[in-house]
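This report refers to the structure that appears directly beneath it.
The values are calculated or read from the model by the stated rules, or taken from the named source; none is laboratory data. Not measured: the values here are computed from a predicted model. A quick note on method: Cβ atoms are made from the backbone with ideal geometry, for glycine too, and the neighbour counts reach across all protein chains shown.
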Amino acid sequence: MTKIMKTAMLGAALVWSANAYAAGDATHGEAVFKQCKICHAVGATAKPGVGPVQNNLIGATAGARPGYTYSPAMKEAGEKGLVWTEENLDKYLENPKAIVPGTKMVFPGVKKPEDRADVIAYLKTQTGQ
């Protein structure tokens, strides 16, 4: 194999992996989300527990979902316009207390960007009521 062919193949692999990362891996995200299941539920039969249900999260206003008692800080964040876009959710998952100081969520965050992207990809598949 020539050096040019190797370089072209490496370049194609890097483009593919960058695109795969940008989209997130929902299957891996489900595995990462297991640490969230201590407090949060997803799926058609999900009910609020320590934390709110995470179905249909992308596009939802923070602190405004029925059936859960949010902290005053989370309600205020929603009232001030915090919507769970992929970008906002990524920042929140990295460091919840930095985005919503006073949140009652004690989880320290998901530090790896690729894990956050994967969790977000998984949450996008959770549309059950």
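Things worth noting here:
- Selection from region 96-115 of residues that are of a type outside the set (A, V, I, L, M, F, W, C) and in contact with a Lys or Arg (Cβ under 9 Å, 6 or more places away or on another chain): THR103, PRO108, GLY109
- For the condition small (Gly, Ala, Ser) and at pLDDT 95 or above, ALA18 does not qualify.
- Considering THR61, THR7, THR2, the condition of being of a type in the set (Ser, Thr, Tyr) and modelled with pLDDT of 95 or more is satisfied by THR61 alone.
- Residues of region 99-129 classified as in a helix (DSSP H, G or I) and over 11 Å from the mean Cα position of the chain (by Cα), total: 1
- Screening the candidates ALA73, ALA117 for the property of being modelled with pLDDT of 95 or more and touching a Ser or Thr at 6+ places or on another chain (Cβ under 8 Å) yields one hit, ALA73.
- Meets criteria (surrounded by fewer than 15 Cβ atoms within 10 Å (Cβ to Cβ), modelled with pLDDT of 95 or more and either among the aromatic types (Phe, Trp, Tyr) or in a loop (DSSP other than H, G, I, E, B) (or both)) for PRO66: no
- Residue list for region 84-98, filter: surrounded by 19 or more Cβ atoms within 10 Å (Cβ to Cβ) and either in a helix (DSSP H, G or I) or of a type in the set (D, E, K, R) (or both): LEU89, TYR92, LEU93, PRO96
- Every condition in (1) modelled with pLDDT of 95 or more; (2) closer than 30 Å to GLY102 by Cα; (3) surrounded by fewer than 16 Cβ atoms within 10 Å (Cβ to Cβ) is met by GLY49 except one, and the failing one is (1).
- For LEU57: the one exception among (1) part of a helix (DSSP H, G or I); (2) under 13 Å from GLN126 (Cα atoms): (1)
- For beta carbons closer than 8 Å, sequence separation of 6+ or different chains, a first residue in region 42-55 that is on the phi < 0 side of the Ramachandran plot and a second that is among the basic types (Lys, Arg) and surrounded by 13 or more Cβ atoms within 10 Å (Cβ to Cβ), the qualifying pairs are PRO52/ARG65; VAL53/ARG65.
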